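Student: Would you mind keeping the following structure in view while I ask a few things?
The values are calculated or read from the model by the stated rules, or taken from the named source; none is laboratory data. Note that this is a predicted model, so its numbers are computed, not measured. When we count neighbours, we look across all protein chains shown, and the Cβ atoms used for this are built from the backbone with ideal geometry, even at glycine.
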Amino acid sequence: MIGIITESISCMNRQDCVRLMVRLMPLSYVVSGKSFPDVIAEGRRCPPNAFSMAPTAAQYYKVFGEYVARGYNVICLTSSPKISTSYENAMVASKAYPAGRIAVVDSKGVAGALHLLAQRARELERSGAGFTDIVQILQSVRDKLSTSFSMDAITTLRDAKRLGRVMHTSAAPILNQKPVCIIEGGTIVLKKSVSSGFGEIRELCAVHAAPRRMIVHYGIKDAVTGELIRTLRARHPHAEILQRPVTMALRVNLGDGILGIVSETI
């Protein structure tokens with residue numbers, strides 16, 4: 001028996017979790033010194049001056065213990081350690097249990113990357129694959145994931161030191177334009193700034209070739225979100241495309257204007 005655990009910023013909804021038998025480790029976000037559990041934030045504005053916190057090692061230790069006590073092996077999928085401390089915390093907690101019972105897998109991404117890996121893990125388990133084989137396959141699949149996203153401003157990512165690098169000097173944010181980022185090797189990279197709308201859609205779609213599955217993430221569903229989804233369906237008619245609003249923990253880092261794509265290549 002295999003338990004699959006990942007973070008709330010996978011943006012999986014209740015139906016996803018039930019269907020895939022996935023347990024979410026909730027992040028928290030802090031506003032004026034008060035902590036709140038991470039939730040899907042569709043229809044809500046991000047509070048000012050908020051910040052997010054990853055699940056602690058103690059939280060992971062408790063949940064791992066519940067699964068191990070019931071005879072499960074555990075696959076724990078985390079955000080990239082270059083983006084979050086979740087991986088480090090899960091690794092610390094895993095060392096308290098017998099070797100081979102808990103595998104902590106760095107997704108090298110965030111959000112939909114966690115969702116797609118969890119989906120692949122459960123499909124493999126249901127097809128009869130063993131624990132060790134599933135972990136090895138996930139480590140291969142994560143290199144076939146692509147992520148692109150746009151936001152209103154790069155300031156929060158930069159100030160929190162989550163921005164890995166700028167692709168080229170002309171990519172600095174420009175007034176009335178939206179920064180577009182990608183994730184490379186687990187690092188957030190600022191690609192360029194583009195005008196909202198068609199320019200934004202063009203850049204978001206550019207890094208997704210021959211996708212098998214895609215997840216479109218958004219903070220506020222608007223006309224640009226709808227046009228992005230129509231564009232993806234036209235370009236990739238055979239790909240499975242899901243739409244998932246992001247959680248508050250992501251919005252405090254990326255803003256209400258977040259719009260992104262995570263895809264798994266065939």
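Student: Between residues in segment 114-131 that are more than 18 Å from Asp143 (Cβ to Cβ) and residues that are at pLDDT 95 or above and among the hydroxyl-bearing types (Ser, Thr, Tyr), which pairs lie under 6 Å by C-beta distance while being six or more apart or on different chains?
Tutor: none
Student: Out of (1) assigned to a helix (DSSP H, G or I); (2) under 14 Å from the mean Cα position of the chain (by Cα), the odd one out for His217 is which?
Tutor: In the conditions (1) assigned to a helix (DSSP H, G or I); (2) under 14 Å from the mean Cα position of the chain (by Cα), His217 misses (1) alone.
Student: While we're on this one: Filtering segment 220-264 down to residues that are outside any strand (DSSP E or B) and of a type in the set (Gly, Ala, Ser), which residue is nearest to Thr85 (Cα to Cα)?
Tutor: So the first thing to find is which residues in segment 220-264 are outside any strand (DSSP E or B), and the list is 220-239, 246, 248-258.
Adding the requirement that they be of a type in the set (Gly, Ala, Ser) leaves 223, 226, 234, 239, 249, 255, 257.
Details: Ala223: 35, Gly226: 33, Ala234: 38, Ala239: 32, Ala249: 14, Gly255: 20, Gly257: 24 Å.
Applying the filter and picking the extreme gives Ala249.
Student: So which of Leu138, Leu116, Leu124 ends up being under 27 Å from Gln15 (Cα atoms), in a helix (DSSP H, G or I), outside the structural domain of Val189 (by TED's automatic domain parsing) and in contact with an Asp or Glu (Cβ under 6 Å, 6 or more places away or on another chain)?
Tutor: Details: Leu138 fails: in contact with an Asp or Glu (Cβ under 6 Å, 6 or more places away or on another chain); Leu124 fails: in contact with an Asp or Glu (Cβ under 6 Å, 6 or more places away or on another chain).
The match here is Leu116.
Student: Still on this structure: Just checking, which of Ile75, Ile2 is closer than 16 Å to Ala113 by Cβ, β-branched (Val, Ile, Thr) and in contact (Cβ under 8 Å) with a residue 12 or more places away in the chain?
Tutor: On the way: Ile2 fails: closer than 16 Å to Ala113 by Cβ.
Only one candidate qualifies: Ile75.
Student: Here's something else I'd like to know. Inside segment 89-113, can you point out the residues that are among the hydrophobic types (A, V, I, L, M, F, W, C) and either under 24 Å from Arg14 (Cα atoms) or outside any helix (DSSP H, G or I) (or both)?
Tutor: Scanning segment 89-113 gives Ala90, Ala96, Ala99, Ile102, Ala103, Val104, Val105, Val110, Ala111, Ala113.
Student: Hey, any hits in segment 191-199 for a residue that's touching a His at 6+ places or on another chain (Cβ under 8 Å), at pLDDT below 95 and farther than 28 Å from Ile75 by Cβ? Don't jump to the end; show me each part of the working.
Tutor: Our first condition is that a residue be touching a His at 6+ places or on another chain (Cβ under 8 Å); within segment 191-199, this holds for 192.
Now narrow it down to the ones that are at pLDDT below 95: 192.
Checking the rest, the ones that are also farther than 28 Å from Ile75 by Cβ come to 192.
There is at least one residue in segment 191-199 that is touching a His at 6+ places or on another chain (Cβ under 8 Å), at pLDDT below 95 and farther than 28 Å from Ile75 by Cβ.
Student: For Glu240, which of the numbered conditions (1) modelled with pLDDT of 95 or more; (2) crowded, with 24+ Cβ neighbours inside 10 Å fails to hold?
Tutor: Going through (1) modelled with pLDDT of 95 or more; (2) crowded, with 24+ Cβ neighbours inside 10 Å one by one, Glu240 breaks only (2).
Student: So which strands (runs of 3 or more DSSP E) stay within segment 1-61 end to end and still have 3 or more residues that are under 17 Å from the mean Cα position of the chain (by Cα) and surrounded by 16 or more Cβ atoms within 10 Å (Cβ to Cβ)? Before the answer, list the steps.
Tutor: On the way: elements: 2-7, 22-25, 28-31, 34-37, 51-53.
Once the strands (runs of 3 or more DSSP E) in segment 1-61 are filtered for at least 3 residues that are under 17 Å from the mean Cα position of the chain (by Cα) and surrounded by 16 or more Cβ atoms within 10 Å (Cβ to Cβ), what remains is 2-7, 22-25.
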